[in-house]
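Quick notes on the structure that follows.
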Amino acid sequence: MVLVTIPSRRYSDPFREWFAAWQALLEADGFDPATATIIRLATDGLCFCTLLNLAVPTGELRRKVLDKLLRMTTPPGSGVVES
């Protein structure tokens, strides 16, 4: 995360390209751009908080958060996520 704030494009450009590609993939999967952005930002935040040990959800809350994100990214009727 700190590398992205460094002005050197050598380090920051690969991160910017990766995040832009991930956003494009979410939108290409048929997600509304706003929903795709919410999903990406939520997973980014969860990863960064875990990496930096910053108020990481644990236990039942973590399970509920991950279940909700999974439901948001699974097409209805696919049978992948059970209610």
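Number of residues in region 24-56 that are outside any loop (DSSP other than H, G, I, E, B) and either surrounded by 10 or more Cβ atoms within 10 Å (Cβ to Cβ) or among the hydroxyl-bearing types (Ser, Thr, Tyr) (or both): the value is 23.
Quick grid of which residues meet (1) over 20 Å from Glu27 (Cα atoms); (2) modelled with pLDDT of 90 or more; (3) touching a Lys or Arg at 6+ places or on another chain (Cβ under 9 Å):
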{"residue": "Gly45", "(1), (2), (3)": "no, yes, no"}
{"residue": "Asn53", "(1), (2), (3)": "yes, yes, no"}
{"residue": "Thr58", "(1), (2), (3)": "yes, yes, no"}
{"residue": "Leu61", "(1), (2), (3)": "yes, yes, no"}
{"residue": "Asp67", "(1), (2), (3)": "yes, yes, no"}
{"residue": "Thr74", "(1), (2), (3)": "no, no, no"}
{"residue": "Gly79", "(1), (2), (3)": "yes, no, no"}
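The values are calculated or read from the model by the stated rules, or taken from the named source; none is laboratory data. Quick caveat, the model's predicted, so the values are computed rather than measured. Every residue, glycine among them, receives a Cβ derived from its backbone with ideal geometry; neighbour counts consider all protein chains shown.
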